[in-house]
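Take a look at the structure below.
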Amino acid sequence: MGARQSTFSSQSTQFKQRRKSLRYIIAEKADAKKVENILKPLELTDDDYRKVVDLMQEKMEEGLARSTNDKATIKMFPTYVRAVPNGTESGEFLALDLGGTNFRVLLVSLQGQEVKMESKIFLIPQHIMLGTGVQLFDHIADCIYKFIKEHNVKAQLLPLGFTFSFPCRQNGLASATLTTWTKGFKCEGVEGNDIVKLLHDAIKRRGDLDVKCLAVINDTVGALMSCAHSDRQCAIGLILGTGSNACYIEKLERVEMAEGNEPGPPEMLINTEWGAFGDDGCLDFITTDFDRQVDKHSINAGKQRYEKFVSGMYMGEIARLALEKLRKSGLLFGGEGSYHMATRGRFYTKYVSEIEGDDIDSFKTTKQIFQELEIEKVTEQDCRLVRHTCSLVSRRAAFLASAGLACLLRMMGRPEVTIGVDGSLYRFHPFFHDLMMEKIRTLAPGIRFKLMLSHDGSGKGAALVAAVASRILKEKEENSEKTRDHAKSNPH
């Protein structure tokens, strides 16, 4: 994290310089007024953000309660992860990471704070992605066997953590039912079934693997666990990439949707699935025409409304729509457009990051981007206005994500919290970290917090969940043994 922090510090001057008035960008007062009218809807007030915090808490409370969960837009799924690492975890653990055509197997060796990881990527062929569940899990078991053999792991029962990045209903720490396939997978006989059972069945069919899956998780839990291993204050995991989601530690007594009552720590990680916040229309007061167009043309119109404000999949398109409106009004590029700029999805979110990180004296990168997009005449004023527009889009996204975090900080009521963050948007946007630090301070006053970049949550994080589960099982067995010994020595 040190390198990341120094990078942020070195950008602080640029961060301040980006906040130029439209009068500085556009000399003509009349034009400046027209630009302001077009872009004004992207600028929200602190009162707007505070209202978002209040609304999110209301919706999260609905998701936690059994009586209102059915109608809740934020589902607040129990993960059955009851504890974060305490530093005593040790041993060798396997981790599986399945979220696309590349499938990863990892061997994670833990000894206190020391972590050693070895991994290998295996391809999931197209015919297996579209075949049967038996074929898929047999292939996964075969990959595990090859990996263990290659790494000469000594004969022992290996606890395993599984990051399975597809929509699931969690039934327990080591039980999750696939609700629907995504990302090009369509394996028959998996939807509606427990993926851990399918994995164990495949392992059993082989007969030569001594592996047991102790936990199945998603990427937000992985981000939290990965950071919590080195920072005990980590209590929130956040993904800010193509999509957005968060998990946090909640008091067990408030988690009404959790099934069973296994003994253990009095808390549980909650997978909020906060992307669906606003699907009931409660965020219409901050929704612009740009947002409405993005939603209308998305594959899930009317759904994941909050995610569409804050995540990398949509930011570039929001910026493109705003830039096109400026151009059609004769305020940008002399009114001249191009096929690329008129094409949905063609102005990538990476362009937003690159333009905001560009040198403001030369605008070299910005001009190169518009050459790619076949906009031929780009003036310095155009570059400044494009940068300003991109900054409004990303600032709103960062501030809305901050409102979500402020809500979680308020709900937990802890005096100090570390937030583990992963995702390409947070990693690569030059100012997202700065913007979030600024707005969280405003929206969650009095709470000490820090944002920590998570490293390999889907691998290291999955192994750590298995390690913690293994430690808790061992502690339960030791306590049971002590109870039995005590009963024997005190028969009356």
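The values are calculated or read from the model by the stated rules, or taken from the named source; none is laboratory data. In this text the structure is predicted, and so the values were computed from the model without any measurement. We place every Cβ from the backbone using ideal geometry, glycine too, and count neighbours over all the protein chains shown. For the accessible areas, the whole protein counts, side chains as well, though only heavy atoms, and no ligand, DNA or RNA atoms are used. Shrake-Rupley method; radii C 1.70, N 1.55, O 1.52, S 1.80 Å.
Numbers at a glance
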item: Calculated from backbone phi, Karplus (6.51, -1.76, 1.60) coupling profile of region 395-411 in Hz, x at Gly/Pro; result: 5, 4, 4, 5, 6, 5, 4, 5, 4, x, 5, 4, 4, 5, 4, 5, 5
item: Cα-projected label distance for Asn490 with Lys149, points at 7 Å along beta-carbon direction, nm; result: 5.5 nm
item: Reachable lysines from Lys328, criterion Cα separation under 19 angstrom, eight or more residues apart if same chain; result: Lys29, Lys33, Lys34, Lys40, Lys377
item: Listed peptides 282-290, 461-469, 160-168 by packing density, highest first (mean Cβ within 10 Å); result: 461-469, 160-168, 282-290
item: Range of Cα positions in region 230-285 per principal axis (Å), largest first; result: 43, 30, 17
item: Leading residue at positive end of dipole, region 282-391 (Cβ point charges), from Ile355, Ile299, Leu385; result: Ile299
item: q = 0.16, 0.17, 0.18, 0.21 Å⁻¹, region 166-282: log10 I(q)/I(0) [Debye, one scatterer per Cα]; result: -0.97, -1.08, -1.17, -1.37
item: Debye intensity ratio I(q)/I(0), log10, region 93-175, q values 0.19 Å⁻¹ (C-alpha model); result: -0.95
item: Hz values of 3J(HN,Hα) by residue in region 211-218 - Karplus curve (6.51, -1.76, 1.60), Gly and Pro given as x; result: 9, 10, 7, 9, 7, 10, 9, 10
item: Long-range HN-HN contacts of Val211 with modeled amide H, under 5 Å; result: Leu158
item: Net charge of neighbours whose Cβ lies under 15 Å from the Cβ of Cys282, counting Lys and Arg as +1 and Asp and Glu as -1; result: -4
item: Estimated 222 nm signal from helices in the chain, with DSSP H stretches of n ≥ 4 weighted -39500 (n - 2.57), rounded to 500; result: -14000 deg cm²/dmol
item: Sorted peptide list for 134-141, 112-119, 232-239, criterion being average Cβ within 10 angstrom, highest first; result: 232-239, 134-141, 112-119
item: With Cα atoms, 0 to 90° folded angle of helix 219-228 axis to the chain main axis; result: 80 degrees
item: Solvent exposure, largest accessible area first (probe 1.4 Å, DNA, RNA and ligands not counted), of Lys308, Lys251; result: Lys251, Lys308
item: Inter-site label distance for Glu256 and Glu336 at 7 Å from Cα along Cβ, in nm; result: 6.3 nm
item: Relative counts (whole %) of C-alpha pair distances in region 287-402, using bins that are 10 Å wide; result: 14, 49, 30, 7, 0
item: Amide H contacts of Asn171 (H built 1.01 Å from N, under 5 Å, at least 5 apart or other chain); result: Ala176, Thr177
item: Convex hull per residue volume in Å³, alpha carbons only, for region 432-478; result: 109 Å³
item: The chain, Cα convex hull volume normalised per residue, Å³; result: 171 Å³
item: Backbone HN-Hα couplings from phi across region 86-91 [Karplus 6.51/-1.76/1.60, Hz, Gly and Pro as x]; result: 10, x, 9, 5, 8, x
item: Listed residue (Ala246, Gly131, Ile144) projecting farthest to the positive dipole end of the chain, Cβ model; result: Ala246
item: Inter-probe distance in nm under a simple model that places probes 7 Å from Cα toward Cβ, at Asn171 and Arg206; result: 2.3 nm
item: Amide H partners (placed H, <5 Å) of Glu267, local residues excluded; result: Leu252
